[in-house]
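S.K.: Once you've had a glance at the structure underneath, I'll fire off some questions.
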Amino acid sequence: MILKELTKPIHIHKLEALVTRILAEHPKLPDIRQRLVKQLSGFKGEKAAAYYMDHLSKEGYVVLHNLRLPSGKYHFQIDYLLLTHCFAMILECKNYYGTVYFDENFQQLTRNANEQDEGFPDPLAQARWHQRQLQDWLRLHHFPSYPIEYLVVFASPSTILKANPRNREVLKRVVHSQLIVERVEELGSKYHSECFDEKNLRKLGKSLLKSDVPEDGDILDRFGLVPSDIRTGVQCLDCGFFGMERGYGTWICPKCGGKSKDAHVKAVGDYFLLIDKTITNQEFRSFLHLSDPDTATNLLRTMNLPHSGTKKGRIYHRPTIYP
């Protein structure tokens, strides 16, 4: 059973909106693009494992994707968590190309690609740390002791994996995605004592979902930006120009002549991702370059957004599940 499905995290949506709307000449743009590329690569790795997660869900496993759980004043993120009656399994997904080498002496992963070496944190150490944090979470929430296994999964079968032949942890716990099912079953075969019956396993899954805190911080603050760094206006879906004009019930691009009935929806979405989780009629008009309050009211109402207040004091809220 898939209890939390694979979806693109909201922080990636924020990065995509930021790359689109930040001023083209801004010096932070290259860093933001690089961050987005890394995040999309990681998400691609998680998607590569999705097919096998679907198979496991049919075999009686409970699957949760992208859990971000509190750990004191911090949080820890698990790419995939599998729950069974007898044990749990953490999957740390990676999407690296080239040749990767697990250096057990320095607890580091080294990648060689395009004749260049690059170092990364050891994903096995990350998985072990998440294992410990999840055990702490279980104790804090008064769940019984529960065996927790872990795997590091590489998305691409073309990634060459290397390690010291005596490094048994790598041989046992690092796999390409197509071997997930086989290795999960292998590691789980030693557990026969039931820790959770069906009712309490569902209770555990629901408790984990309740504790899940998706990353939803201020993207502008993270990069040291301010709202004036963001391009406003409705973007033309044909040529990318910012500044479509409203006329005769449609948006018209003064640059290429493109038309759209609902181009404002994307603009409001960008506002929610980059500026604030709420928007007023006045803020709507300012961001979309509209002058008529009645037109703004009509457009906002057609979006069926959650709202509070009445008349001129109405505030529209970002939907709970967004985007």
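The values are calculated or read from the model by the stated rules, or taken from the named source; none is laboratory data. Since we're looking at a predicted model, the values are computed, not measured. No Cβ is skipped: glycine too gets one built from the backbone with ideal geometry, and neighbour counts run over all protein chains shown.
S.K.: Count, please, the residues in the stretch 164-185 that happen to be within 23 Å of ASN105 (Cα to Cα), within 28 Å of the chain's Cα centre (by Cα) and among the hydrophobic types (A, V, I, L, M, F, W, C).
M.R.: Selection size over the stretch 164-185: 3.
Per-residue answers, yes or no, for (1) exposed (fewer than 14 other Cβ atoms within 10 Å of the Cβ); (2) in contact with a strand residue (DSSP E or B) (Cβ under 9 Å, 6 or more places away or on another chain); (3) assigned to a helix (DSSP H, G or I):
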| site | (1), (2), (3) |
| --- | --- |
| LEU179 | no, yes, yes |
| ARG183 | no, yes, yes |
| LEU187 | no, yes, yes |
| LYS190 | yes, no, no |
| LEU201 | no, yes, yes |
| LEU220 | no, yes, yes |
| LEU237 | no, yes, no |
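S.K.: Go through GLN77, GLN39 for me and flag whichever is surrounded by fewer than 18 Cβ atoms within 10 Å (Cβ to Cβ), in contact with a Lys or Arg (Cβ under 9 Å, 6 or more places away or on another chain) and of a type outside the set (Asp, Glu). Quick ask: steps written out before the conclusion?
M.R.: Working: GLN39 fails: in contact with a Lys or Arg (Cβ under 9 Å, 6 or more places away or on another chain).
None of the other options fit; the residue is GLN77.
S.K.: Out of GLU149, GLU92, I need the residue that is in contact with a Pro (Cβ under 8 Å, 6 or more places away or on another chain), assigned to a strand (DSSP E or B), surrounded by 14 or more Cβ atoms within 10 Å (Cβ to Cβ) and touching a residue at least 40 places away in the same chain (Cβ under 8 Å). Which one?
M.R.: GLU92
S.K.: Between a residue in the stretch 1-27 that is closer than 16 Å to ALA267 by Cβ and at pLDDT 95 or above and any residue that is of a type in the set (Phe, Trp, Tyr) and outside any loop (DSSP other than H, G, I, E, B), which pairs come within a Cβ distance under 8 Å, given they are 6 or more apart or on different chains?
M.R.: Here the result reads ARG21/PHE242, each pair linking the stretch 1-27 to a residue that is of a type in the set (Phe, Trp, Tyr) and outside any loop (DSSP other than H, G, I, E, B).
S.K.: Across the stretch 132-157, which residue is farthest from ASP79 (Cα to Cα) among those that are polar (S, T, N, Q) and modelled with pLDDT under 95? So that I can check it myself, show each step before the final result.
M.R.: If we filter the stretch 132-157 for residues that are polar (S, T, N, Q), which is where we start, we get 133, 135, 145, 156.
Filter again for modelled with pLDDT under 95, leaving 145, 156.
Numbers: SER145: 22, SER156: 16 Å.
Residue satisfying both the conditions and the ranking: SER145.
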